[in-house]
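Peer 1: One structure is given below, represented as structure tokens, and several questions about it will come after.
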Amino acid sequence: MRQDWDSRARENARYYVATGKEKWTDEEFFLSGQRAVEEQILNDMENICQDKSPADMSIIEIGCGAGRITRELESLFGDVHAVDVSGEMVAQARAALQDKPNAFIYQNNGKDLTVLPDRQYDFAFSMIVFQHIPSREVIYSYVREVYRLLKPGGLFKFQVQGSAQYEPQPGDTWLGVPFTDKDAVDMAQACGFEPRYRHGAGDQYFWLWFFKK
């Protein structure tokens, strides 16, 4: 996984983070991250903040890539701790976030969050990341890790691959393992979460709202 994503980052990091365009200007790339935050965060603040001020919240982002969404998250929340398996992506994210003192970028091992400071966080988020993980075991590991790090009642909002049209092949690091609605509920319950909402079952962008009991 790390080798493939390092190679993609060297080739064209921004395209592999957001395949809508092959060539992104800085303005276009980070504006797309701003729009994603408007659609998936600002439109969902009741579930995310639960009466807390965003400026007082410490959050996790899994799969930050080149910092497209991280930059906007840092402007909204107190601090953001973001991980990515690719050292090349991490380097680009750190360069893009030099002027964002409350964004902390870590290279993780691609299966857990032990690289993060061992304390409790208010919210965790991941977008267009688990769609690329071909191992159900690895996705479960991430979900358990988020459970370990979240405060009670905290939300983990993330996507999985919901389309069973294509099955990942051995060694594939682009097409992730698919989840049915039942699979998603089973995963939440196995990892200690309440699967309160789900949207997009059967679609490539299957959103899950897991609340820590």
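Where a number appears in this text, it was derived from the coordinates with a stated rule and is not lab data. Keep in mind the model is a prediction, meaning the values are calculated, not measured. Reconstructed Cβ throughout: ideal geometry from the backbone, glycine too, with neighbour counts over all protein chains shown.
Peer 1: Which distance in Å, rounded to a whole number, links the C-alpha centroids of the range 53-124 and the range 179-210?
Peer 2: 23 Å
Peer 1: Kindly rank 21-33, 97-109 from highest to lowest mean number of other beta carbons found within 10 Å of each residue.
Peer 2: Order by mean packing, descending: 97-109, 21-33.
Peer 1: Using packing as a proxy for protection, rank 111-119, 34-42, 9-17 so that the peptide with the highest average count of other Cβ atoms within 10 Å comes first.
Peer 2: 9-17, 34-42, 111-119
Peer 1: Label points 7 Å out from Cα along the Cβ direction at MET45 and GLU194: separation in nm?
Peer 2: Computed distance between label sites MET45 and GLU194 equals 2.3 nm.
Peer 1: Still on this model: Going through the cross-link list LYS111/LYS212; LYS182/LYS212; LYS157/LYS182; LYS100/LYS213, which pairs have a Cα-Cα distance over 23 Å in this structure?
Peer 2: In this structure, LYS100/LYS213 lie more than 23 Å apart at Cα.
Peer 1: Can you order the peptides 146-154, 205-213 by their average number of other Cβ atoms within 10 Å per residue, highest first?
Peer 2: Working: 146-154: 18.1, 205-213: 20.0.
The packing order, highest mean first, is 205-213, 146-154.
Peer 1: Considering the dipole of the range 5-57 built from charges on the beta carbon (Lys and Arg +1, Asp and Glu -1) around the Cα centre, which of ASN43, MET57, ASN12 is farthest to its positive end?
Peer 2: Going by the Cα projections, it comes out as ASN12.
Peer 1: From the alpha carbon gyration tensor of the range 11-84, can you work out the equivalent ellipsoid semi-axes (sqrt of 5 times each eigenvalue) and give them in Å, largest to smallest? The partial results should precede the final answer.
Peer 2: On the way: eigenvalues 119, 32, 18 Å².
Value: 24, 13, 9 Å, ordered largest first.
Peer 1: Count the net charge of all other residues whose Cβ sits under 13 Å from the Cβ of GLU74, scoring Lys and Arg as +1 and Asp and Glu as -1.
Peer 2: 0
Peer 1: Starting from the Cα gyration tensor of the range 62-183, multiply each eigenvalue by 5, take the square root, and state the resulting semi-axes largest first in whole Å.
Peer 2: Its equivalent ellipsoid spans semi-axes of 25, 17, 13 Å.
Peer 1: Can you give me the convex hull volume of the Cα atoms of the range 124-213, divided per residue and expressed in Å³?
Peer 2: Dividing the Cα hull volume of the range 124-213 by its residues yields 76 Å³.
Peer 1: Related question: For ASP79 and ARG136, what does the FRET efficiency come to when R0 = 22 Å and r is the distance between their Cβ atoms, rounded to the nearest 0.05?
Peer 2: 0.10
Peer 1: Shifting gears a bit: Using the alpha carbons of the chain, what is the convex hull volume per residue in cubic angstrom, as a whole number?
Peer 2: Expressed per residue, the convex hull around the Cα atoms of the chain is 110 Å³.
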